[in-house]
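A.B. asks: Dropping the structure in here first, questions after.
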Amino acid sequence: MSGAENLNMTAKRVIPFSPPDITDLEINEVIEAMKSGWLTTGPRTKELEKRLAEYCHTSKVVCLNSATAAEELNFRICGIGEGDEVIVPAYTYTATASAAIHCGAKVIFVDSRKDSTEMDYDRVAEAITGKTKAIVAVDLGGIIADYDKLYKIAEAKKDSFVPGGNTDLGRRIQTAKGRILIFSDAAHALGAEKDGKMAGEFADFTDFSFHAVKNFTTAEGGASTWKDIPGIENEEIYHSYQLYSLHGQSKDALAKTQIGGWEYDIIGPWYKCNMTDIMAAMGLRQLDRYPELLKRRKEIIGKYDAMCDELGVKHLIHYTENSTSSGHLYLARIPGASDELRREIIIRLAECGVNTNVHYKPLPMMTAYREMGWDIRDFPNAYDYYANLITLPLHTRLSDEDVNYVCRVFRRVIKEMRI
Ligand SMILES: *Cc1c(COP(=O)(O)O)cnc(C)c1O
């Protein structure tokens with residue numbers, strides 16, 4: 001070991017888990033938005049939508065105040081609600097499931113494949129009933145799920161699919177698709193690619209999150225996008241999102257500023273989850289920087305991969321020949337570690353200044369879902385994945401020295417624990 005490295009080793013650092021990466025570019029744009037006289041949904045939100053659609057290679061994007069709202073509105077646009085079943089992985093964040101519940105649908109959890117964060121696709125097929133209207137895949141950690149498989153499953157069950165929908169637009173969408181709808185919770189995956197397609201191009205409807213801990217942030221925030229549907233105008237779908245997200249009010253605040261434009265109608269007692277121009281200002285400048293941010297994530301992941309491979313610690317594979325993850329989360333699994341030992345390791349790392357996390361404690365372990373009757377014993381693969389998992393800090397505020405420090409501390413703790 002060189003003298004310099006030795007010195008670094010003794011100097012304790014504090015490594016936060018996932019701080020936002022905000023520069024003067026974002027700060028100045030927010031100031032401009034605040035000075036412009038237009039604070040809520042307006043020109044900056046519309047510009048961000050346009051640029052995100054270009055970036056995702058989709059026709060339209062709708063910006064909203066969260067991914068949860070985006071996913072909920074995706075279901076509502078498709079007329080999914082009471083009496084419908086929605087298949088969701090047990091291994092995800094609560095929002096993936098709760099958005100369907102908000103619409104009145106019943107969530108059906110499916111276990112993961114062994115040693116995978118993805119659903120077991122055979123079990124997805126088995127979970128389908130006459131009531132199944134949607135399957136939600138999660139691009140966990142920024143890695144795009146296997147949508148080809150999901151479309152195949154939905155196509156294979158086409159004959160037993162009865163289009164429903166609690167709205168006229170929803171009925172028309174379900175009829176046009178003629179099969180179970182595929183949704184993507186791409187909260188982690190903005191900018192991820194697979195087989196030459198961008199996140200947003202895979203599922204029938206996709207949601208993204210711009211929450212402060214995500215790769216790309218507007219403080220809170222999220223967006224929806226979708227694949228073009230033959231026979232249904234994108235403008236109609238877009239307008240429907242506007243109505244759902246703004247009280248069912250026939251004109252938004254900007255349209256009301258037109259001469260004589262005071263009068264509006266309320267066509268449904270709906271929701272309030274629009275994006276503000278202050279948020280969009282931050283997003284516009286984040287988007288300018290985003291390709292660089294993704295590149296930096298890739299560098300850090302390369303270093304973590306080398307360290308984990310050397311230690312025999314399993315990790316997500318973010319980059320393959322045909323896919324590039326958005327590099328959102330670094331999930332590392334300590335071989336042979338029990339839940340208790342994993343908890344001890346997390347504490348030891350934190351004592352050394354390295355803040356980690358766990359993504360995710362499976363939903364059937366959470367009180368709300370337990371009370372609905374779900375039991376983690378029915379999801380052994382999700383449990384096993386969780387039990388020895390530690391999520392390492394992965395963000396673009398990490399310097400090379402920070403990354404080296406995390407690697408050194410992690411190596412030392414793993415060896416100390418004699419794993
Ligand atoms: C963060 C997250 C969400 C929710 O995002 P919000 O923008 O906070 O609503 C949904 N799904 C997953 C997998 C997430 O990690």
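A.B. asks: Over what distance in Å are the Cα centres of region 306-370 and region 50-66 separated?
C.D. replies: After rounding, the separation between the Cα centres reads 31 Å.
A.B. asks: Separate question: Using a 10 Å cut-off on Cβ atoms, rank the peptides 271-283, 14-26 from the highest mean neighbour count down.
C.D. replies: Numbers: 271-283: 23.0, 14-26: 15.4.
In descending order of packing, they fall as 271-283, 14-26.
A.B. asks: Kindly count the pairs of lysines across region 196-266 whose alpha carbons are less than 30 Å apart, treating pairs on different chains or eight or more residues apart as eligible. Provide the component values of the computation, followed by the final result.
C.D. replies: Details: LYS197/LYS214; LYS197/LYS227; LYS214/LYS227; LYS227/LYS251.
For region 196-266, qualifying lysine pairs total 4.
A.B. asks: Among 321-332, 224-235, what's the highest-first ranking by average C-beta atoms within 10 angstrom per residue? Could the numbers behind the result be given before it?
C.D. replies: On the way: 321-332: 21.2, 224-235: 15.6.
Packing proxy ranking, top to bottom: 321-332, 224-235.
A.B. asks: Based on the Cβ-Cβ distance from HIS239 to GLU321, what FRET efficiency comes out when R0 is 41 Å, to the nearest 0.05? Could you put the intermediate results ahead of the total?
C.D. replies: Details: r = 41 Å, r/R0 = 1.00.
Approximately 0.50, to the nearest 0.05.
A.B. asks: Output ³J(HN,Hα) for region 251-261: one whole-Hz value per residue in order, computed from phi by the Karplus curve 6.51 cos²θ - 1.76 cosθ + 1.60 with θ = phi - 60°, and x for Gly and Pro.
C.D. replies: 9, 7, 4, 5, 5, 6, 7, 5, 4, x, x
A.B. asks: Can you give me the pair-distance distribution of region 24-282, C-alpha pairs, 5 Å bins, whole percents?
C.D. replies: 1, 6, 13, 18, 19, 17, 12, 7, 4, 2, 1, 0, 0
A.B. asks: Name the aspartates and glutamates eligible as straight-distance cross-link partners of LYS50: C-alpha to C-alpha under 16 Å, and not fewer than 8 places from it in the same chain.
C.D. replies: Here the aspartates and glutamates satisfying the reach criterion relative to LYS50 are GLU201, ASP207, ASP228, GLU235, ASP277, ASP288.
A.B. asks: Suppose the chain between ILE347 and ASP195 were pulled fully straight at 0.36 nm per residue; how much longer would it get relative to their current alpha carbon spacing? Write out the running numbers ahead of the final one.
C.D. replies: Working: separation 152, 0.36 × 152 = 54.72 nm, distance 3.99 nm.
Contour length minus Cα-Cα distance gives 50.7 nm.
A.B. asks: Can you tally the net charge around ASN28? Count Lys and Arg as +1, Asp and Glu as -1, for every other residue whose Cβ sits under 15 Å from the Cβ of ASN28. Write down the numbers at each step before the final one.
C.D. replies: Details: positive: LYS35, ARG44, ARG285, ARG289; negative: ASP24, GLU26, GLU29, GLU32, ASP277, ASP288.
Spelling it out: positives minus negatives among the neighbours equals -2.
A.B. asks: Okay, next question. For the chain, what relative contact order do you get, as a whole percent, if you take Cα pairs closer than 8 Å and at least 6 residues apart? List each step's numbers first, then the result.
C.D. replies: Working: 839 pairs, mean separation 96.3, N = 419.
Across the chain, relative contact order equals 23 percent.
A.B. asks: On a full-extension model of 0.36 nm per residue, what is the gain between SER59 and ASP146, subtracting their alpha-carbon distance, rounded to one decimal in nm? Before the final figure, lay out the partial values.
C.D. replies: Working: separation 87, 0.36 × 87 = 31.32 nm, distance 2.24 nm.
Going from the current span to full extension adds 29.1 nm.
A.B. asks: Let me ask another. Between region 26-48 and region 204-247, how many Å separate their Cα centres?
C.D. replies: 19 Å
A.B. asks: Right, another one. Run the simple label-point estimate for ILE259 and LYS303 please: 7 Å along Cα→C-beta, distance reported in nm.
C.D. replies: 6.1 nm
A.B. asks: Averaging sequence separations of C-alpha pairs under 8 Å and six or more residues apart, then dividing by the length of region 173-232, give the relative contact order as a whole percent. All intermediate terms of the calculation are to be shown ahead of the outcome.
C.D. replies: Working: 101 pairs, mean separation 19.1, N = 60.
Across region 173-232, relative contact order equals 32 percent.
A.B. asks: Can you work out the Karplus-derived ³J(HN,Hα) for every residue in region 143-158? Use 6.51 cos²θ - 1.76 cosθ + 1.60 with θ = phi - 60°, whole Hz, and x for glycine or proline.
C.D. replies: 9, 6, 5, 8, 5, 4, 5, 5, 5, 4, 4, 5, 5, 5, 9, 4
A.B. asks: Among VAL30, VAL358, what is the fewest-to-most ranking by other Cβ atoms within 10 Å?
C.D. replies: Fewest to most other Cβ atoms nearby, the residues stand as VAL358, VAL30.
A.B. asks: Which of the pairs LYS12/LYS415; LYS46/LYS361; LYS114/LYS177 have their Cα atoms more than 26 Å apart in this structure?
C.D. replies: On the way: LYS12/LYS415 19 Å; LYS46/LYS361 37 Å; LYS114/LYS177 31 Å.
Beyond 26 Å: LYS46/LYS361; LYS114/LYS177.
A.B. asks: Report, by chain and number, residues whose modeled amide H sits under 5 Å from the one on VAL110, excluding near sequence neighbours (fewer than 5 apart, same chain).
C.D. replies: The list, which skips near neighbours in sequence, is VAL88, ALA90.
A.B. asks: Ranking TRP270, TRP262 by Cβ neighbours within 10 Å, fewest first, what do you get? List each step's numbers first, then the result.
C.D. replies: Values: TRP270 16, TRP262 9.
With the sparsest Cβ surroundings first, the list reads TRP262, TRP270.
FYI, it's all coordinate maths here, none of it is from the lab. Since the model is a prediction, treat every value here as computed from it, not as a measurement. Reconstructed Cβ throughout: ideal geometry from the backbone, glycine too, with neighbour counts over all protein chains shown.
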